[in-house]
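The values are calculated or read from the model by the stated rules, or taken from the named source; none is laboratory data. These numbers come from a predicted model, not from an experiment. For neighbour counting, all protein chains shown are included, and Cβ atoms are generated from backbone atoms with ideal geometry for every residue, glycine included. Remember, those area values only see protein heavy atoms, side chains included, never the ligands or the DNA or RNA. Shrake-Rupley method; radii C 1.70, N 1.55, O 1.52, S 1.80 Å.
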Amino acid sequence: MNKLNQLLTAAGSWLIRSLKWIGFLVIYLVDSLILQAATSKASHPQVATRLIGIMLIYSAFLLAFLTWRYWQQLKKNNPRHIGKTPFTAKRSWQLAGLFILMLVIQFGWTILINTHVLSSPANQTALNTQILQLPFWNLAYAILLAPFVEEMIFRGIFLNYFFRENSRVMNFLGVFMSGLIFGMMHVTSFSFTLLMYSALGWVLGYTYLKFRDLRYNVTLHFLNNALSLLSFI
C-alpha cells in the first residue's frame with residue numbers, strides 16, 4: 001500500500017509539473033499570436049500599432065513571470081547548481097565552438113534545402129512572410145525575445161521539472177527530450193527537418209548543462225536567430 005501511495009504521489013506530481021510546463025508554453029504562444037495578429041493588420045497601421053502595444057505589455061509580464069518562476073524553482077531544487085558562472089576566456093572559446101557547431105548544422109541544412117533534398121520548413125516560410133509584412137517587430141521578437149523565453153521554457157524549467165537528478169543518464173535523457181520537443185514545436189511531422197531542429201535543441205541543451213548558466217544558452221540562441229534571420233533580409 002505504501003508503494004502504491006508513493007507511485008500515485010509521484011504520478012500526481014509529474015502530472016502537475018506537466019500541466020504547469022504546458023501552461024508556460026501556452027502563455028508564450030499567446031504572445032506570438034498577438035504579434036501574428038498585428039502582422040496580419042500591417043495594412044491598417046492604427047490597428048497594428050494597438051496590437052503591438054498590447055504585445056509589448058504582455059511580453060513584459062511574460063518575461064517577468066517566467067524569470068521569477070525560473071529562479072523560484074532553482075531556489076527550491078537545484079541539484080546541478082545552476083546559477084551565474086563567471087565568463088572566462090576558456091568558456092568564451094567553448095561557447096564559440098558550440099556556435100560553430102550550430103553554424104555547421106545550419107549550413108548543412110541550407111545545402112539540403114538548396115539542392116531540393118529537403119523542402120523549406122513551413123514555419124520558417126511563414127516567419128519570412130511575417131518579416132516582409134512587419135519587419136522591425138517580427139525581427140525584434142525573433143532575435144531578442146524568443147531566445148530568452150524559449151531557453152527558459154525548453155531548457156531551464158523543463159530540465160529541472162522532469163530531469164532534475166544530476167546523473168549521466170538523466171542528463172542525457174533530459175537533453176535528448178528537450179531537444180526533441182523543441183524540434184516538434186517547429187515541425188509537427190516526423191521528418192529529417194525535425195531532426196535538424198532537434199539537433200539545434202540538443203546543442204542548446206548540452207550548453208545549459210555544460211555551463212550551468214542560462215545566459216550562455218540565450219547568447220547562442222540569439223546569435224543563431226540573428227544570423228539566420230538577418231541574412232534573409
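Summary of values
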{"read-out": "Residue within the stretch 88-103 that is modelled with pLDDT under 90, open to solvent by less than 60 Å² (accessible area, probe 1.4 Å), of a type in the set (Phe, Trp, Tyr) and closer than 20 Å to GLY179 by Cα present", "value": "no"}
{"read-out": "Flag if GLU151 is outside any helix (DSSP H, G or I) and either within 30 Å of ALA64 (Cβ to Cβ) or polar (S, T, N, Q) (or both)", "value": "no"}
{"read-out": "Any chance ILE22 is open to solvent by 40 Å² or more (accessible area, probe 1.4 Å) and either more than 22 Å from ASN128 (Cβ to Cβ) or touching a residue at least 12 places away in the same chain (Cβ under 8 Å) (or both)", "value": "yes"}
{"read-out": "Verdict on ILE111 being β-branched (Val, Ile, Thr), surrounded by 14 or more Cβ atoms within 10 Å (Cβ to Cβ) and at negative phi", "value": "no"}
{"read-out": "Selection count where residues are touching a Lys or Arg at 6+ places or on another chain (Cβ under 8 Å) and either among the charged types (D, E, K, R) or modelled with pLDDT under 90 (or both), scope the stretch 190-231", "value": "3"}
{"read-out": "Residue count for the stretch 53-94, restricted to those that are within 30 Å of ALA37 (Cβ to Cβ), free of Cβ contacts under 8 Å to residues at least 24 places away in the same chain and small (Gly, Ala, Ser)", "value": "3"}
{"read-out": "Any hit, the stretch 120-133, residues being modelled with pLDDT under 95, of a type outside the set (Phe, Trp, Tyr) and more than 30 Å from ILE57 (Cα to Cα)", "value": "yes"}
{"read-out": "Verdict on SER43 being open to solvent by 40 Å² or more (accessible area, probe 1.4 Å), part of a helix (DSSP H, G or I), farther than 29 Å from TYR216 by Cβ and hydroxyl-bearing (Ser, Thr, Tyr)", "value": "no"}
{"read-out": "Criterion: of a type in the set (Asp, Glu) and open to solvent by less than 70 Å² (accessible area, probe 1.4 Å) - qualifying residue of GLU150, GLU165", "value": "GLU150"}
{"read-out": "Per-region count, the stretch 60-82, residues assigned to a helix (DSSP H, G or I) and open to solvent by less than 50 Å² (accessible area, probe 1.4 Å)", "value": "7"}
{"read-out": "Test for SER178: is it without any contact (Cβ under 8 Å) to a residue 24 or more places away in the chain, over 24 Å from PRO135 (Cα atoms) and either open to solvent by 30 Å² or more (accessible area, probe 1.4 Å) or part of a helix (DSSP H, G or I) (or both)", "value": "no"}
